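Here's the structure, in structure tokens; my notes come after.
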Amino acid sequence: MQLFTDVSTAAAFALGLAALGSALGIGKAVSGAMEAMGRQPEAIGKIQTAMIIGAALIEALTIYALIVALIK
Amino acid sequence: MASEQDTHTTGAMDAHAHDAGGVTAEAHAAEMDAAHDAHDTGGGGHGDGHGLLHPPLTGRPLEHPPEPPHFIQVLFKKVDQAPRIESSQAIQDWKKTFEKQFIEQYTAEHGEAPSDKEVEGAVKEQLSHVIVEDWLEKDSHGELVMIDGEYVAKDDEQMTTLQLLHVGPLEKQLPLIGYAPWENHVFMGIAIVAVLFFAWLATKGLRRDRRSVIRKPTRSQVGTELFVGAIDNMCMGLLGEKHARRYMPFLGTLFTLILLMNLMGMVPLMKAPTSYVLLTLSLALCTFFVVQGTAWTTLGPGSYIYHLMGQPKGAFGWALGVLIFLPLEIISDFIAKPLSLGLRLFGNIFGKDVLLGVFTVMGVGLMSLIYEPLSHYFGIPLTPPFLLLGLLFSTLQALVFALLSAIYISLVLPHEHEEEHGVDHLEMAASGDVLGDEMAHDGKHPAPSAA
């Protein structure tokens, strides 16, 4: 089945898929962070820092997909 | 000028060998304009087998937009200095054939070979009347083709994005020699000077009096102490109090430099140098050298390799270590970590640039649908949300870069035993508390001393 006859279609699809994966991952990470913040409000600073770092690391994978899509 | 007019008259004479008789040069010039118009309406010179238009160029005539006002010309001047992309093979073939024919024609007419300028003028004149879109390759991705000073385009929107960004195609940024936009180096120089100035500013009060410890601190010193204190707390939280002071200069400089370079992308008429892939990769290379340097010097080579293998204990541990952990850690330390550091920063900032460019072009396109003459100068502002997003991501990615570097350094430092819970530096950093007087502490622990 000729789904991707054009490079731009494939690039857009790949990027959407990567965004889907990273959205699920970041959602899970942030939800865990929210729950922990709710349990222990005095540790909010530490948890927030760790959450931001985790989100940036997961986001990086989508950015790699963006770079490949931009090259193509 | 005179030579070009001769070219014109020659062309007109040969194109209308049947029509024109013996007429003067001025009448020829006027007739040539009319003749060219007739040519264009007649299908672009198609099928006119005799004279200089053989082989014929197909395409529609180029409509020149009105010239924008001077300040916009200055803003987009770099568009004209964008790199010259090779024209398609077909155009070059046509050019060769045309040049040969033109030289023959000219020699037959005037009895002497034409100068290079005349040949160029003839080629330019032929090309300026058509858009060569039929002859570009199908998968050119809307590439901009510069042919003798004139831009001909297949897909206007896609090219304008890259023109506005003055980045050039991505595959041209990767080679180590060749295309390197000068703005990146200049703006990085500006960022470095700013960081040095900031360092000077932070220690201004301290330098005034060497004997006493603290006079009344100046306003600039207090301000910079907030900033430096936050970085200090971050480093101490991640690296431990013993080693933090050794690496704090590197991490602080890294953070400040990347922050400034990213924020330059938000300033009009400036460009974030971190949107250049080789620059972010070299910053990651600096981190790589620091990490490997501390690993090889503090741990010692043998101990470091042992540490990489995950400190195996028994035979099973050794087998696992040598076969799995060592290659994994080597790939991770030498390839994955530096590449990911650099590409993360580059992707975020370059992606933000592309996003802003696309939305600017979209605004201009929308304006052209609404009121066409205004779209030559302005466009509908669609970019503010993405400017805010860009601001957020610029600062965030600077922080993430510095934090990850600190974490990588902390991974190779010798692990100490559990120290007593003195002051939680990370919490101090995160809550913006530099001196530690806002933190709730019980009577057991003394308040952390300044400096």
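The values are calculated or read from the model by the stated rules, or taken from the named source; none is laboratory data. Everything quoted here is computed from the prediction, not taken from an experiment. Note that we place each Cβ from the backbone using ideal geometry, even for glycine, and neighbour counts take in every protein chain shown.
Each residue in segment B:318-367 was checked for being away from every other protein chain (no Cβ under 11 Å), among the hydroxyl-bearing types (Ser, Thr, Tyr) and surrounded by fewer than 20 Cβ atoms within 10 Å (Cβ to Cβ), and 1 pass. Scanning segment A:38-72 for residues that are free of Cβ contacts under 8 Å to residues at least 12 places away in the same chain and among the basic types (Lys, Arg) yields A:39, A:46.
The set of residues from segment A:23-47 being surrounded by 15 or more Cβ atoms within 10 Å (Cβ to Cβ) and within 11 Å of chain B (Cβ to nearest Cβ) comprises A:43, A:44, A:45, A:46, A:47.
Screening B:379, B:390 for residues that are surrounded by 11 or more Cβ atoms within 10 Å (Cβ to Cβ), over 22 Å from residue B:345 (Cα atoms) and at pLDDT 60 or above leaves exactly one candidate, B:379.
For residue A:5, are the conditions met, namely being within 14 Å of chain B (Cβ to nearest Cβ), in a loop (DSSP other than H, G, I, E, B) and of a type outside the set (Asp, Glu)? Yes; evaluated as a whole, the condition is true for this residue.
If you go through segment B:406-416 one residue at a time, do you hit one that is at pLDDT 80 or above, within 11 Å of chain A (Cβ to nearest Cβ) and either within 30 Å of residue B:304 (Cβ to Cβ) or under 27 Å from the mean Cα position of the chain (by Cα) (or both)? Yes - at least one qualifying residue is present in segment B:406-416. So which residues in segment A:8-32 are within 25 Å of residue A:43 (Cβ to Cβ) and of a type in the set (Gly, Ala, Ser), if there are any at all? Residues satisfying the conditions are A:25, A:27, A:29, A:31, A:32.
Within the option set B:345, B:320, B:382, being farther than 30 Å from residue B:254 by Cα and in contact with a Phe, Trp or Tyr (Cβ under 6 Å, 6 or more places away or on another chain) holds for one residue only, B:382. Considering A:19, A:60, the condition of being of a type in the set (A, V, I, L, M, F, W, C), within 22 Å of residue B:392 (Cβ to Cβ) and within 9 Å of another protein chain (Cβ to nearest Cβ) is satisfied by A:60 alone. Just one of the listed residues (B:451, B:447) is more than 10 Å from chain A (Cβ to nearest Cβ), modelled with pLDDT under 90, out of contact with any Leu (no Cβ under 9 Å at 6 or more places or on another chain) and not in a helix (DSSP H, G or I), namely B:451.
The residue list B:255, B:227 contains one member that is of a type in the set (Phe, Trp, Tyr) and either surrounded by fewer than 19 Cβ atoms within 10 Å (Cβ to Cβ) or farther than 30 Å from residue B:352 by Cβ (or both), which is B:227. Listed by position, the helices (runs of 4 or more DSSP H) inside segment B:277-358 whose residues that are within 36 Å of the chain's Cα centre (by Cα) number at least 1 are B:277-294, B:326-331.
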